[in-house]
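Structure record follows, encoded as structure tokens.
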Amino acid sequence: MPSLGADMQHGKLVEWLVKPGDYVRRGDLVAVVDTDKTVMDVESFQEGVVADLLVGIGETVPVGTPLARITQTPAEVGSPAHEAPTPRAPTTAHTVKPQHPDAPGPALGPPIAPPVRHLAHRLGVDTGKIQGTGKDGAITRADVEHAMAARAGGTSRVRSSPRARRLAAELGIGLSTVTGTGPDGAVTVADVQGAAAKVPTPGPPEPGPPEPGPVASAPESPAKGRAPSEEARERVASLRRAIGALMTRSKQTIPHYYLSTTLDLRAAVAWMQTVNAHRPVAARLVPSALLLKAAALAARDVPEVNGFYDDGGFRPSAAVHLGVAVALRRGGLVAPAIHDAETLPLDVLMEQLRDLVSRARAGRLQRAEMADPTLTVTNLGDLGVDSVYGVIYPPQVAMVGLGRVMEQPWAENGLLGVRYAAIATLSADHRVSDGLRGARYLARINELLQEPEHL
Amino acid sequence: MNEQDARAAVHAAIGEVAPDVEFDDVDEDARLRQDLELDSLDFLRLVETIDKATGVDIPERDYPAVATVKGLIGYLTQHG
């Protein structure tokens with residue numbers, strides 16, 4: 001169980017994305033974990049064959065507990081020839097789990113929802129020969145399609161990452177129809193996305209098996225059977241407790257100091273409006289994207305705001321992984337990171353921002369995004385406040401607050417005019433920097449915004 | 001587009017962007033940003049969703065006109 005944030009003590013396993021016998025590479029997503037804050041995908045830290053899953057679905061374990069045993073093997077083991085579709089392994093935990101409610105009575109096969117059985121029947125796939133990857137070993141649409149693809153390609157099964165497989169299943173794309181560009185022709189997430197872009201509109205999806213719904217459907221969850229709204233309330237309460245504990249620690253250990261400055265956004269907003277006028281909605285920028293990029297670039301110039309403070313003192317970070325505080329619509333907030341934000345072209349940063357916010361709200365963040373922001377920005381101005389002074393997320397050493405972008409009276413050279421402006425604030429750690437450097441940081445953000453075309 | 005279709009499109013789009021909003025409780029004078037708490041990214045997605053569903057692309061200069069539920073319905077009725 002990896003640490004998915006400085007304040008995390010334990011995590012609950014809600015979904016396995018791999019099964020024993022699967023070949024995983026470093027970085028492949030293998031499991032879904034529920035922390036007090038959000039539900040996150042966890043990737044493998046090593047390459048090899050999954051030998052054993054050590055933690056069952058629904059179990060809560062402390063950080064540091066091994067989740068699975070992965071055997072290091074030569075790459076050939078994972079090659080197509082050796083990966084014939086395996087009959088259901090009798091040793092896995094699946095067999096002792098209670099039957100899935102949708103299962104066809106007390107049959108011997110793994111649980112399978114009627115629409116999936118129908119699909120298998122239509123495709124001529126023998127479900128007895130498929131190892132289910134769904135809840136309780138249930139056979140999912142993806143499994144059936146996978147088996148179909150394996151058969152269509154003779155002995156060569158379609159190699160793919162678990163994440164690509166899941167995405168393909170979600171989009172209703174058969175993996176066999178996707179040309180893989182990964183190692184040994186493996187289908188990657190990008191390949192699936194590429195294939196999805198070519199399909200005009202995915203056909204009306206047949207009613208599939210109940211989606212994994214990671215939180216609500218964990219089989220041994222104590223919340224089982226309760227109304228979803230009650231579970232949602234509990235989730236909000238638990239998130240509230242986690243935020244409270246972290247912020248208390250921050251205020252008790254970090255000597256905060258606070259600064260603010262007014263950013264002159266005349267040039268930035270004018271440039272953005274010109275650019276947006278020629279763009280379709282989907283490609284338009286929002287002021288936040290420009291502000292975030294400037295905040296990231298400025299952190300490169302003033303490294304005292306970017307990094308971690310721990311027992312060994314301050315460790316500045318070479319890269320700027322910019323945490324973005326995202327308010328969740330049902331209450332609470334999370335602050336996942338946009339990695340290497342200072343190096344991203346504005347359009348890419350905008351795209352990642354949209355992606356990050358929508359996934360944060362859907363509760364689908366990845367481990368790395370939650371664990372390692374080096375500096376966090378809160379953008380409450382977007383919801384109407386003039387300025388916001390944030391509380392630093394330990395072990396980070398600064399928090400930038402962005403207020404509302406609005407037209408303001410602006411005096412310059414004895415003349416009064418109207419300009420777009422916003423108040424930027426900095427909460428910073430006095431153990432690491434003083435007001436002088438903090439002031440330099442805010443001033444640098446303002447300077448960078450005067451040349452928006454270079455952001 | 002008649003007002004009824006426009007209203008349906010607006011409800012569907014808001015339902016997608018902010019699934020927690022209960023329309024029974026929403027006054028049509030409600031402001032999207034302040035009352036429904038849509039941030040700038042939510043708003044962009046709303047405009048995008050409406051564009052996809054109805055073909056009405058709301059340019060940035062018209063954003064002030066569509067700041068409320070009523071304004072948005074009126075805009076679609078005129079331009080759709």
**Study point:** Criterion violated by residue A:369 - all others in (1) part of a strand (DSSP E or B); (2) surrounded by 14 or more Cβ atoms within 10 Å (Cβ to Cβ) satisfied
**Key:** (1)
Review point. What are the residues in the stretch A:372-389 that are touching a residue at least 60 places away in the same chain (Cβ under 8 Å) and part of a loop (DSSP other than H, G, I, E, B), if any?
Key: A:374, A:379, A:387, A:389
Practice item. Check whether at least one residue in the stretch A:241-256 is buried (at least 16 other Cβ atoms within 10 Å of the Cβ), of a type outside the set (S, T, N, Q) and modelled with pLDDT of 95 or more, and report yes or no. Key: yes
Check your understanding: Got a sec? Which of A:407, A:447, A:453 is of a type in the set (Asp, Glu), surrounded by fewer than 22 Cβ atoms within 10 Å (Cβ to Cβ) and not in a helix (DSSP H, G or I)?
Key -> A:407
Check your understanding: What residue, of A:55, A:61, is assigned to a loop (DSSP other than H, G, I, E, B), modelled with pLDDT of 85 or more and of a type in the set (Val, Ile, Thr)?
Key -> A:55
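Mind listing whichever residues of the stretch A:317-339 are of a type in the set (A, V, I, L, M, F, W, C) and more than 14 Å from every other protein chain (Cβ to nearest Cβ)? Can you show your working first?
Residues of the stretch A:317-339 of a type in the set (A, V, I, L, M, F, W, C): A:318-320, A:322, A:324-328, A:333-335, A:337-338.
Selection gives A:318, A:319, A:320, A:322, A:334, A:335, A:337.
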Check your understanding: For the stretch B:62-77, does any single residue satisfy the condition of being under 18 Å from residue A:355 (Cα atoms) and aromatic (Phe, Trp, Tyr)?
Key -> no
Practice item. Hey, could you check the stretch B:1-44 for residues that are among the hydrophobic types (A, V, I, L, M, F, W, C) and in contact with a strand residue (DSSP E or B) (Cβ under 8 Å, 6 or more places away or on another chain) and say which is surrounded by the fewest Cβ atoms within 10 Å (Cβ to Cβ)? Key: B:30
Exercise for review: Report, by residue number, each residue of the stretch A:38-52 that is of a type in the set (Gly, Ala, Ser) and in a strand (DSSP E or B).
Suggested key: A:48, A:51
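Yes or no, residue by residue, for (1) modelled with pLDDT of 95 or more; (2) closer than 23 Å to residue A:330 by Cα; (3) away from every other protein chain (no Cβ under 14 Å):
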{"site": "A:367", "(1), (2), (3)": "no, yes, yes"}
{"site": "A:373", "(1), (2), (3)": "no, no, yes"}
{"site": "A:376", "(1), (2), (3)": "yes, yes, yes"}
{"site": "A:383", "(1), (2), (3)": "no, yes, no"}
{"site": "A:402", "(1), (2), (3)": "yes, yes, no"}
{"site": "A:440", "(1), (2), (3)": "yes, no, yes"}
{"site": "A:445", "(1), (2), (3)": "yes, no, yes"}
{"site": "A:455", "(1), (2), (3)": "no, no, yes"}
Point to revise | Any pair with Cβ under 9 angstrom, 6 or more apart, that starts in the stretch A:300-329 at a residue that is among the hydroxyl-bearing types (Ser, Thr, Tyr) and ends at one that is in a strand (DSSP E or B) | key: A:309/A:315; A:309/A:396; A:309/A:429; A:317/A:307; A:317/A:308; A:317/A:375
Practice item. Scan B:56, B:47, B:66 and give me the residue that is within 12 Å of the chain's Cα centre (by Cα), more than 8 Å from every other protein chain (Cβ to nearest Cβ) and crowded, with 21+ Cβ neighbours inside 10 Å. Key: B:66
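Taking the stretch A:344-365 as the region of interest, how many residues are touching a residue at least 24 places away in the same chain (Cβ under 8 Å) and away from chain B (no Cβ under 14 Å)?
Counting residues in the stretch A:344-365 that are touching a residue at least 24 places away in the same chain (Cβ under 8 Å) and away from chain B (no Cβ under 14 Å) gives 4.
Can you tell which of A:302, A:281 is among the hydrophobic types (A, V, I, L, M, F, W, C) and either within 14 Å of chain B (Cβ to nearest Cβ) or under 17 Å from residue A:338 (Cα atoms) (or both)? Even if it seems obvious, please write down each step before you answer.
Working: A:302 fails: either within 14 Å of chain B (Cβ to nearest Cβ) or under 17 Å from residue A:338 (Cα atoms) (or both).
Within the list A:302, A:281, the selection yields A:281.
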Point to revise | Failed criterion for residue A:279 (all others in (1) within 30 Å of residue A:435 (Cβ to Cβ); (2) more than 25 Å from the chain's Cα centre (by Cα) hold) | key: (1)
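Got a number for residues in the stretch A:134-155 being of a type in the set (Ser, Thr, Tyr) and modelled with pLDDT under 75?
Going through the stretch A:134-155 one residue at a time, the tally reaches 1.
The values are calculated or read from the model by the stated rules, or taken from the named source; none is laboratory data. The structure displayed is predicted, hence computed values, not measured ones. We place every Cβ from the backbone using ideal geometry, glycine too, and count neighbours over all the protein chains shown.
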